[in-house]
Amino acid sequence: MTALAATARYELRMQLRKPAIWIATGLPFGVYALFAVLGSDSTGLRRHWYEISPKLWVVEALGWFTPALPMVFGIVLADRLVRDRKLGVAELLDTTPTNRGARLVGKYLGACAATAVPVAVVYLAGAVVFAVWRDQPAALWWSLAAFVMIVVPLLLLAGSLSFLGPQLMPTPLFRVLIVALFFWAGATEVESEFPSFAGTVLSLTMDYPLGVFFDSANATTGPAGVALDFLRPQPTTGTAVLSLALILALAAAILWMAGALNARTSE
Amino acid sequence: MSLWRHEARRAGLGALLAPLVAAVGLAAVAIDGAVRLDQASKSTALVLQSLLELALPLAAGMGAANLVGRDPAIELQLTLPTAYRATVLRRLVVTAGWVAVIALTTAAYMVASGWWHRWPEAQPALVGQLTWLAPTLCMAGFGLLAGAVSGSPAVASAVVASLWLFEYAAADLLQEHRWSRLLYLFATTRGTVDQDWSANRLTLIAAGVAMTAAGWLLLRRPSRLLTKEAE
């Protein structure tokens, strides 16, 4: 337990000091804000200015870039685990009387927590601005809910992928592939002829939680009469929670594989 | 020649595999669309054009972003008579050159098989090579510049991916001003004002060259990379 907490704390502090996570998260939100200000009424972004529902504002205006955030998470977290071996730290740590699994989980939780901080700051700032501007303090609760139910599960999934992927392939290739994975998830739709998990409980754009808890217009839920429809149950609180549980279970399974592979390579 | 072979290996399997994986992946989608779904040929042609204009430039940009900051013994390398920036530039040529080989092969196949012209906005075959050349140069230059500024492959990759994604997602937004139309990366597949196409391509090439030059200048004093941790 001590090893887990100590690794997590150390990894959190180390990662927080890296400019990478601040730049990589701040930049897209900054560019988006710039274009939302510059844009005219004809484009999609401008309508966010007129949104008065705190719930929709949080998931649609503030959450505009959220489906793409896992790419950024994956890119900045990709070197975390493999780096230890490259620098020769892994062998050194293996000689300490700590559990390798606990260290891995600690590293994962610490790195993910640090990566979440810049996004949390953006969500908090966005919510405070909206709460004051529209006199809608509920925006604070909605932004907290969106952060916990949408951003955190995606972060945990991207984090576990970044612990597994770079062990199997060169890190730069993994960075391209994680962009491709979440691009595929975001760009495909239920009607697309190209196979995808769009609109299912396994959707990487979190369709069920977004549709059920936030009434988002961007989310597609429910049977669509196309392939994989058994993964598209009626949208209810139960199926939305199921969807969240599945994403988290997937993240846990991938992390377990990363741990097993890491242990095998270390021997 | 042996130097170039060495740099090809140093550029990393990742940099060389990424465009290949991207090309094979999208080609599979196109074949799947054409054969299994018996799809209207226009959308399959769009997938193939997107391979050239979206996927390969992304691979080139990410490859370029991973060039600076990955040398474990940079201190030693800086003592050699060969300037570090010359080495980095050689790796950039290898990375972008490999993308060009894949793009040319794909384009040649598309022209020969007739798929090229099934996309209505496709340009004549020869000039049309700018479809991939311009965004590839622009992204590679941007990747190198981001890497030279940050000295960190993670930051540079994230910045390159963000730009690419922003250009993809904000297609309508970027059509509003002439300056953003000229700098738009995906003018063939995601639309631009027709008469702007050539100007757009030339602007992108100029921007790519300018960014490569800026990266080259920034790497003049590679000693500032020394305080950075190697990945």
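Which three extents, in whole angstrom, do the alpha-carbon atoms of segment B:2-227 cover along their principal axes, largest first?
Taking max minus min along each principal axis of the Cα atoms, segment B:2-227 gives 58, 38, 27 Å.
Between the alpha-carbon centers of segment A:245-267 and segment A:101-177, tell me the distance in whole angstrom.
Spelled out, the Cα-based centre of one part sits 19 Å from the other.
About the Cα centre of the protein assembly as shown, how large is the charge dipole given +1 on each Lys and Arg Cβ and -1 on each Asp and Glu Cβ? Please answer in debye to the nearest 20. Mind dumping the intermediate values first?
Numbers: 36 positive and 30 negative charges, 336 e Å.
Computed about the Cα centre, the dipole is about 1620 debye.
Can you tell which of A:Val129, A:Leu16, A:Ala61 lies farthest toward the positive end of the dipole of segment A:3-266, using +1 and -1 charges on the Cβ of basic and acidic side chains (Lys, Arg; Asp, Glu)?
Working it through, the farthest residue towards the positive pole turns out to be A:Leu16.
Using alpha carbons only, how many angstrom separate the centre of segment B:38-68 from the centre of segment B:95-115?
Distance between centres, Cα-based: 11 Å.
Tell me, what is the percent relative contact order of segment B:2-227, built from C-alpha pairs under 8 Å that lie six or more residues apart? Kindly include the intermediate steps, with their values, before the conclusion.
On the way: 306 pairs, mean separation 60.7, N = 226.
Dividing the mean separation by the residue count of segment B:2-227 yields 27 percent.
Using a 10 angstrom cutoff on alpha carbons, build the Gaussian network for chain B and name the most mobile of B:Leu218, B:Leu76, B:Leu46.
B:Leu76
State, to one decimal in nm, how far the label point of A:Ala263 lies from the label point of B:Arg221, with both points 7 Å from Cα in the Cβ direction.
A separation of 5.0 nm, rounded to one decimal place.
Quick one: in chain A, what % of C-alpha pairs are over 26 Å apart?
The proportion of pairs with Cα distances above 26 Å equals 45 percent.
Hey, in the GNM for chain A with a 10 angstrom Cα cutoff, which one of A:Ala139, A:Ala125, A:Ala158 fluctuates hardest?
Greatest mean-square fluctuation among the candidates belongs to A:Ala125.
Which residue, chosen from B:Ala73, A:Ala198, B:Ser50, occupies the Cα position most advanced towards the positive end of the dipole of the protein assembly as shown, where the dipole is computed from +1 (Lys, Arg) and -1 (Asp, Glu) charges on Cβ about the Cα centre?
The residue sitting farthest along the positive end of the dipole is B:Ala73.
Dipole size in debye (nearest 20) for segment A:3-266 around its Cα centre, Lys and Arg Cβ +1, Asp and Glu Cβ -1? Please report the intermediate quantities before stating the final value.
Values: 18 positive and 15 negative charges, 221 e Å.
So the dipole magnitude of segment A:3-266 works out to roughly 1060 debye.
Over segment B:85-163, what per residue volume does the convex hull of the Cα atoms give, in whole Å³? Display every interim value, and only then the final one.
Numbers: hull volume 7.9 nm³, N = 79.
In segment B:85-163, the Cα hull volume divided by residue count equals 100 Å³.
Could you list log10 I(q)/I(0) for the protein assembly as shown at q = 0.05, 0.06, 0.07 Å⁻¹, which the Debye formula gives when each Cα is one point scatterer?
Log10 I(q)/I(0), no solvent term: -0.19, -0.28, -0.39.
Please sort through the DSSP H helices of chain A and keep those with an alpha-carbon extent of at least 20 Å along the long axis and a Kyte-Doolittle average not below 0.0.
Working: long enough: A:2-16 (21 Å, 0.12); A:19-38 (27 Å, 1.73); A:100-133 (49 Å, 1.36); A:152-168 (24 Å, 1.55); A:171-187 (24 Å, 1.76); A:237-266 (43 Å, 1.48).
Span-like helices, by this rule, are A:2-16, A:19-38, A:100-133, A:152-168, A:171-187, A:237-266.
Rounded to the nearest 500 deg cm²/dmol, what is the calculated helix-only ellipticity per residue at 222 nm for the protein assembly as shown, with -39500 (n - 2.57) per DSSP H run of length n ≥ 4? Intermediate values should be presented prior to the final figure.
Values: 22 runs with 327 residues, N = 498.
Value at 222 nm, helices only: -21500 deg cm²/dmol.
Using the charge dipole of the protein assembly as shown (Lys, Arg: +1 at Cβ; Asp, Glu: -1 at Cβ; taken about the Cα centre), state which of B:Ser41, A:Ala114, A:Phe35 has its Cα farthest towards the positive end.
Going by the charge dipole, the pick is A:Ala114.
Please average, across the residues of B:170-176, the number of beta carbons from any other chain that are within 10 Å of each residue's own beta carbon, and give a whole number. Please report the intermediate quantities before stating the final value.
Values: counts 9, 1, 5, 11, 3, 2, 6.
For this peptide, the per-residue mean of nearby foreign Cβ atoms is 5.
Per-residue Cβ counts within 10 Å, from other chains only, averaged over A:16-25: what number is that? Provide the component values of the computation, followed by the final result.
On the way: counts 0, 0, 4, 4, 9, 3, 1, 9, 8, 2.
Other-chain Cβ atoms within 10 Å of each residue's Cβ, averaged: 4.
Coordinate-derived values only; no laboratory data. As the structure is a prediction and not an experimental result, all values here were calculated from the model. Every residue, glycine as well, gets a Cβ built from its backbone with ideal geometry; the counts of neighbours run over all protein chains shown.
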